[in-house]
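The structure under discussion appears below in the form of structure tokens.
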Amino acid sequence: MIDIDIPGRRKYNISNIVFDYNGTLAVDGKMSKTTLDNINKLSELVEIYILTADTYGDVNDYCEGLPVNLKTFPGNNAASHKKEIVASLSGESICIGNGFNDIEMFKISDLSICILGDEGCCSKTIAESDIVAKSINDVFDMLFNKNRIRATLRA
């Protein structure tokens, strides 16, 4: 559990972190060693979900042995699949992504973070996010140092 008390707003008790894969955790379908290490560290605090249409067809290989809940689905209606998965989770969730198909899950998440990243991001996704970060490493730093989130979102 990650507890975040946002002054002047509310307290969050985050039990799920939901990641998009391509453009968020991975660049050109590949995760860095730093990202893999951070996923392992984060899994000690919360349930981790990775949601993807698996553009490159090898997400199972990259996620093998990771302490995550990997959910793949057909590329058509990816936004609907992501939204349904997030809606089915118990507890509060942070959703993290960069694409147009992340907007619907952002709308129903407790907090959402859009990543600019090496693959860019959809401007409409930025508009639906609570926080915008320049990289996945910055997102992990925020999650491990809650004062960064607190300072960004305080009233």
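Since every read-out is calculated from the coordinates, none of them should be taken as a lab result. What you see is a predicted model; the values in this text were computed from it and never measured. Using ideal geometry, Cβ is built from the backbone for each residue, glycine included, and neighbour counts are taken over all protein chains shown.
Residue pairs exceeding 20 angstrom between C-alpha atoms, taken from Lys11/Lys71; Lys33/Lys83; Lys41/Lys124; Lys30/Lys134; Lys30/Lys124: Lys11/Lys71; Lys33/Lys83; Lys41/Lys124; Lys30/Lys124. Counted by neighbouring Cβ atoms within 10 Å, the residues Lys82, Lys124 run from fewest to most as Lys124, Lys82. Short-range pairs are left out: with C-alpha atoms under 8 Å and at least six residues apart, the relative contact order of the chain is 25 percent. Counting neighbouring beta carbons within 10 Å and listing from fewest to most, the residues Ile103, Ile115 come out as Ile103, Ile115. In the calculated pair-distance distribution of the range 34-112, the portion above 21 angstrom amounts to 28 percent of the Cα-Cα pairs. For the chain, the longest principal axis of the C-alpha atoms and the axis of helix 78-88 are separated by about 50°. Counting only DSSP H runs of at least 4 residues, each contributing -39500 (n - 2.57), and dividing by the residue count of the chain, the helix-based mean residue ellipticity at 222 nm comes to -9500 deg cm²/dmol. If you find the alpha carbon centre of the range 57-71 and of the range 97-123, how far apart are they in angstrom? A separation of 20 Å, based on Cα centres. Note on the chain: Cα convex hull, mean projected area over all directions, 8.0 nm².
By DSSP, the beta bridges lying fully in the range 12-150 are antiparallel in about 5 percent of cases. Rounded to 0.05, the FRET efficiency of the Met1 and Ser123 pair, given R0 = 41 Å and the Cβ-Cβ distance, is 0.80.
Of the GluC sites (Glu not before Pro) found in the range 92-141, the ones in coil according to DSSP and having at most 15 other Cβ atoms within 10 Å of their Cβ are Glu119.
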